[in-house]
Structure formats: C-alpha cells, structure tokens
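S.K.: First, the structure itself, so that you have it in front of you.
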Amino acid sequence: MGDIVKGVLGGTWALLVGWIVPTALNLSVFLLAVVPTLQHVHPVDQMWPKAQASKSLLLLVGSILIGLALHSLQNTLYRILEGYSLWPAKYYAYGCRRQLQKKHDLGKRIDLILLEQREQTHSLSPEKEAQLAHLRVDPRLTRLSGRDRRRTAVQRAILQEELARYPVSDDQIAPTRLGNAIRRFEEYGYDRFRLDSQVMWHELAGVAPEPVRRQVELARTRVDFFISLLYGHSVVAFAATLSLLGPRPHLGIQVLSIAIMVPFIPVWYWSAVKATDEWAAAVRALVNLGRKPLAEALGFNLPSTLKDERSMWALLSRLSRLPFHERASALDRFRVRPPTDSDENRG
C-alpha cells in the first residue's frame with residue numbers, strides 16, 4: 001500500500017510542478033493583462049466574477065484543468081518543438097542540415113583545440129599535423145578559432161557539453177536543438193548495447209531500480225516545466241497583442257506583459273535544452289542498471305561478452321517491434337535453461 005501511495009504522489013508531483021504551476025503563472029498574467037479588455041463584452045462581463053474569492057477559485061480550477069490538458073498533450077507539444085510534427089518537409093530537411101553542420105563544426109573546433117595543445121608538446125604524428133593544417137584553413141572555423149584559443153579549460157568543457165547534446169549517429173539528427181538533445185539519450189541504449197530503449201521502455205522502466213526510475217521522472221519534470229512556460233508565454237503574448245486592437249485596451253499592462261513575456265520565450269527554450277542534460281544522465285543510468293534485471297525478467301541470461309549482448313538485445317528489440325520471424329529462434333541460445341529432473345534431485 002505504501003508503494004502505491006508513493007507512486008501516486010510521485011506522479012502528482014510531476015504533474016503539479018511540470019504543468020499546473022507554470023500554467024497558473026501564465027493564466028495569472030492572462031487574467032491580469034487580457035481579460036480586463038474584454039469585460040465590456042457582454043458574455044465575458046456576465047461570466048467574469050466580481051468577488052476576489054471567486055476570481056481566486058477560477059484561477060485555481062483553470063490552472064488545474066488546463067494543466068491536465070497540457071499534460072495529456074505533452075507528446076504532441078514536445079514533437080512540435082523537436083521538429084517532428086507540423087514541420088513542412090523542406091523546413092525539416094533544412095533544419096536537419098543546419099543542425100548537422102553545427103554538430104560537425106563543434107567537433108572540428110574541439111579537435112582544433114586539442115591538436116594545438118598537443119602541438120605545443122611536439123607530440124603530433126604526421127597524420128595529425130596534416131589534420132591540424134586542414135582545420136586551420138577551414139573558413140568555417142576561422143572566425144571562431146581565435147576566440148576558442150582564449151577560452152579557459154572550463155569554457156572549453158562547455159563546447160564538449162554542447163557537442164554531447166547531439167546524437168552520436170548523423171542519421172539520428174533532428175531539425176531543432178531540443179530534438180537533438182532528446183534524441184541523444186533516446187539512441188543511447190541502441191548505440192551502446194543495441195537495446196532499443198524506445199521500443200522496450202515500459203519493460204525497462206518496470207524492472208529498473210526504483211531510485212533510478214524516480215530520477216528519470218524528476219529530470220523530465222524540469223524539462224516539462226520550461227516547455228509549459230514556453231507555450232503559455234507564447235499564447236498569452238499573442239492574446240495580449242490581439243487585445244491591443246480592442247476598443248478599450250489597457251495599454252500599460254498589455255504592452256508591459258508583451259515586453260516581458262516575448263523575450264523570455266527563447267530563454268525557456270534554452271533552459272529546456274539545458275535541462276535535458278539531467279534527463280539524459282538519468283536515462284543512461286536506467287539503461288545501464290536496468291539491462292541485467294530486464295534480461296532476467298524476460299527469461300534470458302545476460303551474455304558475458306559485449307558482442308553477444310548486442311546480438312541478444314538487437315534480436316529482442318526486433319522481436320518486440322516486428323511480427324515474429326523464424327530468425328528470432330537465434331534467441332534460444334540466450335534463454336535461461338529450465339531446471340531438469342536431475343537438477344531437482346541433486347538440489
């Protein structure tokens with residue numbers, strides 16, 4: 001019973017912090033900046049409560065209902081920002097090319113820094129010297145190389161963090177920064193172990209240690225919070241802009257609201273991208289620590305070699321994703337051998 005209560009409270013906390021609280025903030029601004037301009041409209045004037053207690057109750061109920069609606073639509077909201085939904089094909093392709101070029105440029109900048117450091121110690125091979133010479137004449141790096149040389153060790157580590165927010169495989173590149181930041185940990189299990197964590201997510205989360213599952217939930221809640229703020233600010237700023245065209249605008253409050261909220265929209269997006277670092281670390285731990293109990297729960301022995309383990313997870317992921325094929329019988333060599341009569345007698 002205690003585990004059930006903790007699970008319910010954990011889910012409630014994620015819903016409250018991730019969606020309801022930021023919705024309450026956005027709805028407060030909407031009620032302050034937009035609704036007063038509509039009070040002369042007959043239906044709004046009739047429905048808008050006059051008592052302060054009623055207004056507070058309306059804010060509370062509205063925040064909960066809208067927060068619940070956003071929570072149920074979170075996959076769609078994420079996919080739009082990741083670049084998978086509502087993106088015309090040409091813009092999707094352009095975004096992917098742009099993000100792939102950014103990834104390659106970051107990699108080259110880091111290589112240039114490391115090679116120049118090794119050059120100072122005279123430890124470069126002829127191949128590395130040729131690579132260094134090529135990077136120095138790269139026109140895309142010329143503008144940034146001087147600034148990179150002046151970076152401190154901590155600032156150079158930030159370049160590594162930025163590169164780490166891209167998926168390992170170029171084939172997995174998404175058209176937006178947020179899409180790549182999320183895609184990098186979606187592909188982690190497959191890249192390292194051939195375990196498709198997206199296909200087997202529920203099985204993996206079902207057997208992973210509770211602290212790790214909790215950490216994944218909390219890490220995602222931080223990203224949800226900024227995503228909710230971003231969408232809410234966009235809607236409220238748009239509504240406030242339209243309300244300026246009304247017959248009785250409250251220019252001071254409306255203009256101030258727009259001036260404050262619009263600049264914060266890219267800030268919330270950048271914050272969501274940064275917050276995926278903790279989410280990525282939690283998913284990485286989930287895959288690393290959940291592989292063995294997942295294999296045992298499915299009735300398989302975790303192979304002793306990485307090569308065999310990758311083969312087993314590739315077959316299991318394919319078996320979960322695709323209809324059965326006779327090739328799946330290759331999994332038999334990884335299955336736990338059932339006890340025989342002689343084993344029971346010996347025991």
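S.K.: Name the one entry in A240, A219 that is small (G, A, S) and either within 12 Å of the chain's Cα centre (by Cα) or outside any helix (DSSP H, G or I) (or both). Talk me through it step by step, then tell me what you get.
M.R.: Details: A240 fails: either within 12 Å of the chain's Cα centre (by Cα) or outside any helix (DSSP H, G or I) (or both).
Result: A219 is the single residue among A240, A219 that is small (G, A, S) and either within 12 Å of the chain's Cα centre (by Cα) or outside any helix (DSSP H, G or I) (or both).
S.K.: Can I ask one more? Is the range 257-270 home to any residue that is of a type in the set (S, T, N, Q), under 25 Å from the mean Cα position of the chain (by Cα) and under 30 Å from L178 (Cβ atoms)? I'd like the intermediate steps shown before the answer.
M.R.: The first filter runs over the range 257-270 and keeps only residues of a type in the set (S, T, N, Q), leaving 257.
Okay, now just the ones that are also under 25 Å from the mean Cα position of the chain (by Cα), so none.
So far as the range 257-270 goes, no, none of its residues is of a type in the set (S, T, N, Q), under 25 Å from the mean Cα position of the chain (by Cα) and under 30 Å from L178 (Cβ atoms).
S.K.: Find all pairs meeting these conditions: Cβ atoms under 7 angstrom apart; at least six residues apart or on different chains; first residue within the range 11-25 and of a type in the set (A, V, I, L, M); second residue surrounded by 15 or more Cβ atoms within 10 Å (Cβ to Cβ) and not in a helix (DSSP H, G or I).
M.R.: none
S.K.: Oh, and also: Based on this model, can you work out whether L245 counts as over 13 Å from N26 (Cβ atoms) and outside any helix (DSSP H, G or I)?
M.R.: Working: over 13 Å from N26 (Cβ atoms): yes; outside any helix (DSSP H, G or I): yes.
The answer is yes for L245.
S.K.: Let me ask you something else. Determine which single condition A240 fails, assuming it passes every other condition in (1) surrounded by 19 or more Cβ atoms within 10 Å (Cβ to Cβ); (2) under 30 Å from A33 (Cβ atoms); (3) in contact with a Phe, Trp or Tyr (Cβ under 6 Å, 6 or more places away or on another chain).
M.R.: (3)
S.K.: Given the conditions (1) modelled with pLDDT of 95 or more; (2) assigned to a helix (DSSP H, G or I); (3) surrounded by 16 or more Cβ atoms within 10 Å (Cβ to Cβ), and given that S63 satisfies all but one, which numbered condition is not satisfied?
M.R.: Among (1) modelled with pLDDT of 95 or more; (2) assigned to a helix (DSSP H, G or I); (3) surrounded by 16 or more Cβ atoms within 10 Å (Cβ to Cβ), S63 violates only (1).
S.K.: Tally time: how many residues in the range 195-231 are crowded, with 22+ Cβ neighbours inside 10 Å and touching a Pro at 6+ places or on another chain (Cβ under 6 Å)?
M.R.: Number of matching residues: 2.
S.K.: Within the range 314-347, take every residue that is under 34 Å from the mean Cα position of the chain (by Cα) and among the hydroxyl-bearing types (S, T, Y) and give me the one that is modelled with the lowest pLDDT.
M.R.: Within the range 314-347, the subset under 34 Å from the mean Cα position of the chain (by Cα) is 314-325, 328, 331, 334.
Those still in the list that are among the hydroxyl-bearing types (S, T, Y) too: 317, 320.
On the way: S317: 94, S320: 91.
Looking at residues that are under 34 Å from the mean Cα position of the chain (by Cα) and among the hydroxyl-bearing types (S, T, Y), I get S320.
S.K.: Is it true that A285 is under 21 Å from R220 (Cα atoms), in a helix (DSSP H, G or I) and hydrophobic (A, V, I, L, M, F, W, C)?
M.R.: Working: under 21 Å from R220 (Cα atoms): yes; in a helix (DSSP H, G or I): yes; hydrophobic (A, V, I, L, M, F, W, C): yes.
So A285 fits the description; yes.
S.K.: Follow-up. Output the qualifying pairs, or none if there are none: Cβ atoms under 6 angstrom, residues six or more apart or on different chains, first residue in the range 160-172 and farther than 15 Å from R192 by Cα, second residue modelled with pLDDT under 95 and surrounded by 16 or more Cβ atoms within 10 Å (Cβ to Cβ).
M.R.: E162/L106; L163/L106
S.K.: Filter the range 242-263 down to the residues that are touching a helix residue (DSSP H, G or I) at 6+ places or on another chain (Cβ under 6 Å) and at pLDDT 85 or above and list them by number.
M.R.: Of everything in the range 242-263, those that are touching a helix residue (DSSP H, G or I) at 6+ places or on another chain (Cβ under 6 Å) and at pLDDT 85 or above turn out to be S257, I258, M261, V262.
The values are calculated or read from the model by the stated rules, or taken from the named source; none is laboratory data. Everything quoted here is computed from the prediction, not taken from an experiment. Positions of Cβ are backbone-derived with ideal geometry, glycine not excepted, and every protein chain shown enters the neighbour counts.
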